[in-house]
Amino acid sequence: MTLSILLAPDSLKGALSATAACAAMERGARRALGATPCRFTPVPLADGGEGTIEAFLQGAGGTARTATVRGPLGEETKAQWAILPDGRALIEMAQASGLTLVSPEHRHAARASSYGTGQLVHAALDAGCSALLAGIGGSATTDGGAGALQALGLRLLDEHGAELPSGGAALQHLADIDTSTLDARLAQTDIRVLCDVTNPLCGARGAARIYGPQKGASPADIETLDAALNHFADVASRATGRDLRDEPGAGAAGGIGWGLMSFCGAQLTPGIEAVLEATNFQDKLESADLVLTAEGSIDEQTPQGKALAGVARAARSAKKGRGVPVIAFGGAVRLSGEALQEMGITAALPLPDAPLSLQESIARSDELLADAAERALRLWLCGSQNAMT
């Protein structure tokens, strides 16, 4: 009998791509399995952030394209996007306005702009796409999507009628919004935003307070940005006649979720569900004996729409409810066994096998993930053999 193992990780941010994680898990598992006949099926995943384009192209096919856009701090950068086999465009905010495009010492949450993401949307419209998927995870910005909307023609004006400069902090000076110049093609475009969070735009769980620090925001920046986003929403509600700041996901990716909903009629959807559908993940589960998955950290955010939670949910319902066991790996595992079981995860192992600094863990992530997969498979095989005796 051939053992069938489905490899379905997200990327380990800053350490391994999802594709590299698949290779590491397979390498470690093969060491444990030895001569045991086995078949590995790699399915690199993403939840709307970094690696979303790669996951779609590998799972569903399509054509990759490249555009030159304005990066988070105004620098010119090359960003990939794609046209899927069904004609939909797929853009990834991390490619144009991502945190990984800015070195930690240069991160500037108050000034970072999503303009480049709007340029990717514009490129898709120019290519004739009337339906668009936008993965918005991993952003460097906290501007409510202002930059992206300006790239698409929206005019954000101060009290003197001048265009606002880039960045979320500038929104505190917003006096008027001119929607008449917004690209008319957006009204006929179906935009689905792939995100993995449910935060509102402002407040204690808003974009600035929850995600600002990782983008370089100081405590003073956070206060400024939260107030600026709230003011942006006030002015926008007068311009559009609707107030969406408290909608789940409005605070995604520095508030671009709210911006695209408010001015482009976009709908938000869990990113991992779209990727699982595109990769025919449920069908692949029907022939699997075991699923190996991974992400950077298995913590309280994991059940809230992260890729690992989507994998576990799909595996639990597979095979007419009998399910497929799931072993998960993370740079850290901070959930209790009970919480993991509720998600549908059989076991979760941290990558480090000894006390390591974060820098060393990242540098050795490929080796550590392979070793963790080997340990897990040896234990799993032991349990399987005992169950058969």
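The values are calculated or read from the model by the stated rules, or taken from the named source; none is laboratory data. This structure is a prediction, so every number in the text was calculated from the model and none was measured. Counting neighbours? That spans all protein chains shown, and the Cβs are built from the backbone with ideal geometry, glycine included.
Yes or no, residue by residue, for (1) touching a residue at least 12 places away in the same chain (Cβ under 8 Å); (2) among the polar types (S, T, N, Q); (3) in the same structural domain as Gly137 (by TED's automatic domain parsing):
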| position | (1), (2), (3) |
| --- | --- |
| Gln304 | yes, yes, no |
| Gly337 | no, no, no |
| Asp353 | yes, no, no |
| Arg375 | yes, no, no |
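Taking the criterion of being under 18 Å from Leu194 (Cβ atoms) and assigned to a helix (DSSP H, G or I), the residues of segment 283-313 that qualify are Ala307, Leu308, Ala309, Gly310, Val311, Arg313.
The strands (runs of 3 or more DSSP E) found wholly in segment 71-138 and carrying at least 2 residues that are closer than 20 Å to Gly255 by Cβ, at pLDDT 95 or above and assigned by TED's automatic domain parsing to the domain that holds Leu225 occupy 89-92, 131-135.
Scanning segment 28-70 for residues that are of a type in the set (A, V, I, L, M, F, W, C), part of a strand (DSSP E or B) and touching a residue at least 24 places away in the same chain (Cβ under 8 Å) yields Cys38, Phe40, Ala67, Val69. Determine whether segment 196-207 contains at least one residue that is closer than 20 Å to Ser113 by Cα and assigned to a helix (DSSP H, G or I). Yes; the residues of segment 196-207 include at least one that is closer than 20 Å to Ser113 by Cα and assigned to a helix (DSSP H, G or I).
Being β-branched (Val, Ile, Thr) and over 25 Å from the mean Cα position of the chain (by Cα) is the filter; apply it to segment 208-245 and report the residue that is surrounded by the most Cβ atoms within 10 Å (Cβ to Cβ).
Taking segment 208-245 and keeping what is β-branched (Val, Ile, Thr), we get 210, 222, 224, 235, 240.
Narrowing the set further to residues that are over 25 Å from the mean Cα position of the chain (by Cα) leaves 224, 235, 240.
Numbers: Thr224: 21, Val235: 16, Thr240: 14.
The residue in question is Thr224.
Are any residues in segment 300-319 of a type outside the set (A, V, I, L, M, F, W, C) and at pLDDT 90 or above, and if so, which ones? Before you say what the answer is, go through the steps one by one.
Quick first cut of segment 300-319, residues of a type outside the set (A, V, I, L, M, F, W, C) only: 300-306, 310, 313, 316-317, 319.
Result: Gly310, Arg313, Arg316, Ser317, Lys319.
Among the residues of segment 111-137, those identified as among the small types (Gly, Ala, Ser), surrounded by fewer than 24 Cβ atoms within 10 Å (Cβ to Cβ) and either touching a Ser or Thr at 6+ places or on another chain (Cβ under 9 Å) or over 23 Å from Ala274 (Cβ atoms) (or both) are Ser130, Ala131. Checked against the criterion of being under 16 Å from Ala307 (Cα atoms) and touching a Leu at 6+ places or on another chain (Cβ under 7 Å), the candidates Ala373, Ala348 yield just one match: Ala348.
For segment 185-207, a residue qualifies if it is more than 16 Å from the chain's Cα centre (by Cα) and not polar (S, T, N, Q), and the qualifying residues are Arg185, Leu186, Ala187, Asp190, Ile191, Pro200, Leu201, Cys202, Gly203, Ala204, Arg205, Gly206.
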